[in-house]
1. Shape verdict for the stretch 113-243, please, from the Cα gyration tensor: rounded (a/c under 1.5), prolate (a/b greater than b/c) or oblate.
2. Using the structure shown, list the pairs from K302/K337; K58/K332; K23/K337; K227/K302; K212/K299; K27/K337 with a Cα-Cα distance above 32 Å, or answer none.
3. Defining a contact as two alpha carbons under 8 Å apart and six or more residues distant in sequence, what relative contact order in percent does the stretch 101-193 show?
4. On a 1.4 Å probe surface of the protein chains, which of D61, D130, D267 comes out largest in accessible area, and what is the full order?
5. May I ask you to derive the relative contact order of the stretch 2-347, considering only C-alpha pairs under 8 Å and at least 6 residues apart, and to give it as an integer percent?
6. What's log10 of I(q)/I(0) for the stretch 60-187 at q = 0.21 Å⁻¹, Debye sum over Cα points only, no solvent?
7. Counting heavy atoms of the protein chains only and a 1.4 Å probe, report the per residue accessible area for the chain as a whole number of Å².
8. Within the accessible area of the chain, what % is carbon and sulfur when the probe is 1.4 Å and the other protein chains stay in place?
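The values are calculated or read from the model by the stated rules, or taken from the named source; none is laboratory data. Keep in mind the model is a prediction, meaning the values are calculated, not measured. Positions of Cβ are generated from backbone atoms using ideal geometry, with glycine treated the same way; all protein chains shown enter the neighbour counts. SASA here: full protein model, heavy atoms, side chains in, ligands and nucleic acids out. Shrake-Rupley method; radii C 1.70, N 1.55, O 1.52, S 1.80 Å.
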Amino acid sequence: MNKTLWGTDGNGNDIYTYEIAGKGGMKVKVMDFGATVLEIHVPDKNGNDVDVALGYEKLEDYFTNDPYFGCCVVPSANRIGGAKFTLNGKEYSLDVNDGENNLHSGFDSICHKMWQVTDEKDDSITFAYDKKDMELKFPGNVHMEVTYSVSDDNELRIDYMANSDEDTVFNPTNHSYFNLGGHDSGNAMDQLVWINSKKFTETDPHSIPNGKLVEVAGTPMDFTTEKTLAQDIEADFNQLNWAGGYDHNYALEGQEGEVRLAAYMRDVNTGIKMEVLTDLPGMQLYAGNYIPDGELVGKSGKAYVRRGGVAFESQYFPNAINIPEFSQPVLKVGVEKKTTTIYRFSAN
Ligand code: BGC
């Protein structure tokens, strides 16, 4: 465990970075501010170290971080339509921070809060955060934990745990952007993607799922056979036109609750392949369409380009809390919730 002081949060809290490593060459750097993932180093096909996660050079940039680079998004990832939901007969109004809707929980994001380290080892670290009742306008005093562990065979495993004193929404995700050619290698659209999904959640023009699950077959949304992201991303298809490219939730095949393969991405130059595994029902494929071209200075001092990284966000379906037919992201009072997502790396 390599612990380093990086700076302060402006409220008198010291921010530390922590590097965890496995014996297979993988190293991951995280920080206690937002329980954010900063760097993911994996060996390429020649054994060279490649950092495949987008992130900033300067700590201050994490204080805004509009694209949510590396964030642990809690309690509610992605969008809730109309920024409203009803639970146990009570209506809750959330921050309206994305058009008419709620995105990633709201303005005063827990991505910008100090988390407490509760356990640290050479290959893993656990952060905890206690959300107060009605913080971010979500009910319940919620104790949340996230554990990042690196295995000797180059997996980054993310375990979430939560419990609450009231029924509430809990839909955590990690918001890392990946570029398997290296975080600063430019546009990631030539990378090949496969997704274990035959249906995606159709959205309205503002990326809010309308409750329909639509077959990917015969559409540009189909990743059941691997293809580059570039191949169909500019297709003239309403869903893509509205979202500016891939920014959609895929309904994953296999049993919710069991950790199974959700997707992979691979880069032919570095030979690096990343498999995504999760026990959650869905995964947002987000192609970095809204990364402002050439504006955000990354870790090597170079500005990132639009679509320079791709997020694979395991989750309950966006807006599920308003669509009873979808699996519900509800954390019940007194019932501990656990969920796991794994990013597994290999190279050849
Ligand atoms: C959303 C995008 C959004 C991005 C950054 C993703 O999870 O699906 O629409 O732009 O997060 O907030």
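1. Oblate, since a/c reaches 1.5 and b/c is not below a/b.
2. Exceeds cut-off: K302/K337; K58/K332; K212/K299.
3. Result for the stretch 101-193 is 17 percent.
4. These residues rank, largest area first, as D130, D61, D267.
5. About 19 percent, as a whole number.
6. Reported log10 I(q)/I(0), two decimals: -1.30.
7. For the chain, the solvent-accessible area averages 39 Å² per residue.
8. Carbon and sulfur atoms account for 45 percent of the accessible area of the chain.
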